[in-house]
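So the structure is just underneath, and the comments pick up after that.
The values are calculated or read from the model by the stated rules, or taken from the named source; none is laboratory data. Quantities reported herein were computed from a predicted structural model and do not represent experimental measurements. Neighbour counts are summed over all protein chains in view; Cβ atoms, including those assigned to glycine, are modelled from backbone coordinates with ideal geometry.
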Amino acid sequence: MVLHFLQCGALPPVLPNLQFLYPTLFNATCSIDSLELFRDLPYPLPAREFNTETVGELLIAFFDYYSRFDFKNKAISIRNGCVYSRELLADNTIRFKIFIEEPYDQKNTARCVTSIENLQLIKQAFTSARNAFLQTRAGPPNLECIGVH
């Protein structure tokens, strides 16, 4: 979820889509075991606009993005760096309340979320976290306001 947000939810994106930029190095047909984890990327990297938001601003935007995300109708693709219609998915995926495509095998990494109640709990957690940071209080926002100690 973080990768998708940093590719598609933050504007301009924080992370590039490496599978798009370097299809010979990161392609969906290669085995994940054959990936070279510490390989240097071709230099220079393609020019792109840099995101100047602070980590705090990105964190609040992350919570906001997923509190409003339409999981019922939209799926997430890290491989393609996009959001797409769930109508494009196989019929047997309807039981999954969240669909996040794994970049190499295209399976759903969120396949354990199968009840509407769990989806609602997840969305409520994102909403509560966003709202906690946006409340007026003395001092700067901190993670304790969302229960992280």
Six or more apart or on different chains, Cβ atoms under 6 Å: show the pairs whose first residue is in region 32-56 and within 30 Å of Ala129 (Cα to Cα) and whose second is aliphatic (A, V, I, L, M). Asn51/Ala10; Asn51/Val14
Conditions first: (1) closer than 22 Å to Gln124 by Cβ; (2) part of a loop (DSSP other than H, G, I, E, B). Asp105 passes all but one, so which condition is the exception? (1)
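Of all the residues that make up region 67-77, how many are out of contact with any strand residue (DSSP E or B) (no Cβ under 7 Å at 6 or more places or on another chain) and outside any loop (DSSP other than H, G, I, E, B)?
2
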Can you name the residue in region 1-31 that is under 12 Å from the mean Cα position of the chain (by Cα) and not in a loop (DSSP other than H, G, I, E, B) and is also farthest from Tyr104 (Cα to Cα) among such residues? Gly9
Looking only at region 46-62, decide whether some residue is surrounded by fewer than 17 Cβ atoms within 10 Å (Cβ to Cβ), farther than 30 Å from Asn118 by Cα and among the aromatic types (Phe, Trp, Tyr). yes
Among the numbered conditions (1) at pLDDT below 85; (2) surrounded by 14 or more Cβ atoms within 10 Å (Cβ to Cβ); (3) assigned to a helix (DSSP H, G or I), tell me where Ala125 comes up short. (1)
Every residue in region 78-101 that is assigned to a strand (DSSP E or B) and either loosely packed, with under 14 Cβ neighbours inside 10 Å or in contact (Cβ under 8 Å) with a residue 40 or more places away in the chain (or both), please. Cys82, Val83, Ser85, Ile100
